[in-house]
Amino acid sequence: MRIAEVVEEYGLSADTLRYYERIGLLRPVRRNASGVRDYGEEDCARISFVKCMRGANVSIEALIEHMQLFDEGDSTLEARQQILIEQRDAARERLGLIQEGLDRLDYKIAHYDELIAKNDASCRTQEA
């Protein structure tokens, strides 16, 4: 799969894909006879994983470490699991903060709804 196809399939820019390769999140991508990157199934699986983890706000540093350990094989299973546990815990903490913010937004919106309704009622009373 050429880079343009990967861009379309995964919604990442070509620059992002090259960056991920440069920093080690992706292994060096095989190139065809013309020197054009040719992404295979394994490359696409890694892209999918990295995109999902970045969507969960997993840090680049943690992902790099995880992918390096992944490439070392099964002897690193526990270390990889620990990285994911730490990242999950951090994501849950962020999610809690986001929920607090959403709750406050809902409260403030409801408060403004009340104020607007009172203001509208007051205006109608004054007009009559």
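Give me a count of the residues in segment 80-123 that are of a type in the set (Val, Ile, Thr) and farther than 21 Å from VAL58 by Cα. Let's see the steps before the verdict.
Here is the first cut: in segment 80-123, the residues of a type in the set (Val, Ile, Thr) are 83, 85, 98, 109, 116.
The next check asks that each one be farther than 21 Å from VAL58 by Cα; those that pass are 109, 116.
Number satisfying all stated conditions: 2.
Test SER13 against the stated conditions and say whether it is small (Gly, Ala, Ser) and touching a Phe, Trp or Tyr at 6+ places or on another chain (Cβ under 8 Å).
Numbers: small (Gly, Ala, Ser): yes; touching a Phe, Trp or Tyr at 6+ places or on another chain (Cβ under 8 Å): no.
Considered against the rule, which asks whether it is small (Gly, Ala, Ser) and touching a Phe, Trp or Tyr at 6+ places or on another chain (Cβ under 8 Å), SER13 comes out as no.
Of all helices (runs of 4 or more DSSP H) completely enclosed by segment 1-90, which ones contain at least 2 residues that are in contact (Cβ under 8 Å) with a residue 40 or more places away in the chain? Quick ask: steps written out before the conclusion?
Values: elements: 3-10, 14-23, 41-55, 60-72.
Counting at least 2 such residues, we get 3-10, 41-55, 60-72.
Is it true that some residue in segment 56-76 is surrounded by fewer than 10 Cβ atoms within 10 Å (Cβ to Cβ), closer than 17 Å to MET1 by Cβ and not charged (D, E, K, R)?
Within segment 56-76, none of the residues are surrounded by fewer than 10 Cβ atoms within 10 Å (Cβ to Cβ), closer than 17 Å to MET1 by Cβ and not charged (D, E, K, R).
With the condition kept exactly as written, say whether any residue in segment 92-100 is touching a residue at least 12 places away in the same chain (Cβ under 8 Å), closer than 30 Å to GLU9 by Cβ and either among the small types (Gly, Ala, Ser) or part of a helix (DSSP H, G or I) (or both). Spell out how you get there, then give the answer.
Residues of segment 92-100 that are touching a residue at least 12 places away in the same chain (Cβ under 8 Å), as a first pass: 94.
So of that shortlist, the ones also closer than 30 Å to GLU9 by Cβ come out as 94.
Next, only the ones that are either among the small types (Gly, Ala, Ser) or part of a helix (DSSP H, G or I) (or both) stay: 94.
Yes, segment 92-100 has at least one match.
Does any residue of segment 51-64 turn out to be of a type in the set (Asp, Glu) and farther than 26 Å from GLY11 by Cα? Don't jump to the end; show me each part of the working.
The first filter runs over segment 51-64 and keeps only residues of a type in the set (Asp, Glu), leaving 61.
Pick out the ones that are also farther than 26 Å from GLY11 by Cα and you get none.
Looking for residues that are of a type in the set (Asp, Glu) and farther than 26 Å from GLY11 by Cα, one finds none in segment 51-64, hence no.
Read-outs: derived from the displayed coordinates by stated rules, not from any lab. Quick caveat, the model's predicted, so the values are computed rather than measured. Here Cβ is always computed from backbone atoms with ideal geometry, including for glycine, and neighbour counts include all displayed protein chains.
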